[in-house]
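Read through the structure below, which is laid out as structure tokens, and then see the notes.
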Amino acid sequence: MTKPKPPGTKRSDVKRQAILDAAAELFLSQGYSATSMDQVAERANVSKQTVYAQFAGKEALFVETAGWLTQLPGDQVQRGMDELPKGKTLAEQLTAYAVRQLEIARTPRLMQLRRVAIAEAERFPEVGQALYDAGPARAIAALAQLFERWHHAGLLHAPAPKIAATHFNWLIMADPVNRVMLLGADALPGPKALKGHAKEAVRIFLAAYGPRAE
């Protein structure tokens with residue numbers, strides 16, 4: 001059943017979204033190298049010319065697909081991080097962020113996207129670059145901007161905010177993501193254990209980057 005178009009939606013936008021939907025399904029199910037633009041056109045029910053009118057080639061299509069699959073989850077992780085809510089400690093704010101990041105990163109589509117990038121890394125390094133830019137690099141850049149503000153406000157001691165953001169990101173992500181990638185989805189701890197991991201990551205981070213006594 002075809003979904004009705006929202007009022008004011010351009011026909012080209014509808015086709016572009018159909019192409020992204022089809023590309024995501026194919027890239028995730030059979031990998032980058034096994035997916036062709038012909039297959040994407042057929043799955044999206046558009047002509048091959050239409051696919052190329054929207055995307056210069058398969059690399060560009062994958063880059064756009066990776067960004068589309070990761071942008072909304074990334075936005076959800078970042079929500080509410082700009083300001084420290086009244087009555088909430090810095091540790092509580094960072095822990096809430098860490099829990100959101102872990103919960104979203106464990107979703108099957110994002111795990112499969114990561115596996116596709118790893119599988120194709122040697123032959124198509126641009127695939128991994130696209131996913132890194134849309135995922136970890138974007139998250140670290142947003143954290144670095146936040147940590148720089150918190151450093152100047154005296155909430156953190158992070159004179160090199162990008163390094164601090166990188167440390168925080170991988171304190172949260174390294175162990176759970178590696179477990180899932182190498183051992184499968186069943187290796188990921190449950191919600192209670194994930195929250196415990198998040199709290200410990202924040203404790204270690206603040207031990208290194210917490211405000212310094214004058």
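Quick rundown of the values:
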item	result
Subset of region 125-182 (residues that are without any contact (Cβ under 8 Å) to a residue 60 or more places away in the chain and touching an Asp or Glu at 6+ places or on another chain (Cβ under 8 Å))	GLY128, ALA158, PRO161
Count of region 44-72 residues which are of a type in the set (A, V, I, L, M) and outside any helix (DSSP H, G or I)	2
LYS199 vs. criteria out of contact with any strand residue (DSSP E or B) (no Cβ under 6 Å at 6 or more places or on another chain), within 18 Å of ASP133 (Cα to Cα) and among the charged types (D, E, K, R)	no
Checklist (1) modelled with pLDDT of 85 or more; (2) surrounded by fewer than 18 Cβ atoms within 10 Å (Cβ to Cβ); (3) aliphatic (A, V, I, L, M) applied to ALA98, failing item	(2)
Hits in region 201-214 - residues which are over 22 Å from the mean Cα position of the chain (by Cα) and closer than 18 Å to ASN169 by Cβ	ARG203, ILE204, LEU206, ALA207, ALA208, TYR209, GLY210
Sole exception among (1) assigned to a loop (DSSP other than H, G, I, E, B); (2) modelled with pLDDT of 85 or more for GLY80, by number	(2)
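The values are calculated or read from the model by the stated rules, or taken from the named source; none is laboratory data. No experiment lies behind these values; they were computed from the predicted model shown. Heads up, the Cβs are rebuilt from the backbone with ideal geometry, glycines too, and the neighbour counts pull from every protein chain shown.
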